[in-house]
Amino acid sequence: MSAKRDLLVQVALRLFAKHGFHATGIDKIVAEAGVARMTLYKYFKSKDDLIVAALRLRDEDFLIWITSYVEDHGGDAKARLLSTFDALEDWFRGKAFPAVGFWGCAFINAAGEFADHAHPAHREAAEHKRKVLGFLRELLEEAGYEDAEALAHEILLLQQGAIATAQVSGDPTSAARAKRVAEKLLEHRERAS
């Protein structure tokens, strides 16, 4: 990987997060990165290719971060699962990704701006959510829940709602409220013997 390519992707990710994918022009990205327009097109055939690269970087960074957060906060699998909500609150408060900040979920935003399910950005968004769902399912299976797949979908729904609420309202406590609902949900589910 080239240092200039990496810089372009990082700058693009930050600008896309703050201003949106469509609203952020190539000229703004190259100006912020301090590179020539030709340099951008050396590494990316189109703006869509740059968007996909930025989403892939965000995917990688997010999954590394959430996995590390959960492991660092220890406890049993149920406690680690519930700590994902604490991680979200840290993110909403700007503690998780200070270089980017919290402007909502890049993947929810991408799916909204690129509504066509065949668009590469929309596909990246869907793939990211599948990975997060798999991560939650693994924690639930480790905790011994029989219906881990269905429960993972429900937990993900709570998390996505918390993200959207924090983005719209600016209130980071939506993660704590969603965590309380998740705790009640888990109380009413059976664990495998």
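The values are calculated or read from the model by the stated rules, or taken from the named source; none is laboratory data. Small disclaimer: the values here were computed from a predicted structure and weren't measured. Here Cβ is always computed from backbone atoms with ideal geometry, including for glycine, and neighbour counts include all displayed protein chains. To get the accessible areas, we keep the full protein, side chains included, count just its heavy atoms, and leave off ligands, DNA and RNA. Shrake-Rupley method; radii C 1.70, N 1.55, O 1.52, S 1.80 Å.
A few remarks follow.
- Charged-residue dipole, Cβ positions (Lys, Arg, Asp, Glu), the range 76-193 about Cα centre, Debye nearest 20: 280 debye
- Relative to the longest principal axis of the Cα atoms of the chain, the long axis of helix 77-92 lies at roughly 40 degrees.
- Partners of Lys95 within straight-line reach, counting lysines whose Cα lies under 24 Å from its Cα and excluding those fewer than 8 residues away in the same chain: Lys18, Lys78, Lys129, Lys131, Lys179.
- In terms of its C-alpha gyration tensor, the range 99-176 has an oblate overall shape, because the principal axis ratio a/c (a ≥ b ≥ c, square roots of the eigenvalues) is not below 1.5 and a/b does not outweigh b/c.
- Residues Val168, Val100, sorted by accessible area with the largest first, give Val168, Val100 [1.4 Å probe; ligands and nucleic acids excluded].
- The phi torsions of the range 147-154, fed into the Karplus equation with coefficients 6.51, -1.76 and 1.60 and a -60° offset, translate into couplings of 9, 4, 5, 5, 5, 4, 4, 5 Hz, rounded to whole numbers, with Gly and Pro shown as x.
- Within the chain, longest stretch free of exposed GluC sites (Glu not before Pro) [DSSP loop, at most 15 other beta carbons within 10 Å]: 1-145
- For the range 49-156, carbon and sulfur atoms together expose 52% of the accessible surface, with a 1.4 angstrom probe and every protein chain in place.
- Using the Karplus relation 6.51 cos²θ - 1.76 cosθ + 1.60 with θ = phi - 60°, the per-residue 3J(HN,Hα) values for the range 102-110 come to 10, 10, x, 8, 4, 7, 5, 5, 5 Hz, with x marking Gly and Pro.
- Between the residues Phe107, His119, Ala96, the greatest Cα displacement towards the positive end of the dipole of the range 89-139, with unit charges on the Cβ of Lys, Arg, Asp and Glu, is found for Ala96.
- 3J(HN,Hα) along the range 178-189: 5, 5, 4, 5, 4, 4, 5, 4, 5, 4, 8, 9 Hz, from the Karplus curve 6.51 cos²θ - 1.76 cosθ + 1.60 with θ = phi - 60°, whole Hz, x for Gly and Pro.
- For Tyr145, residues with placed amide H under 5 Å, excluding near neighbours: Ala192
- Rolling a 1.4 Å probe across the protein heavy atoms gives the chain an accessible surface of 50 Å² per residue.
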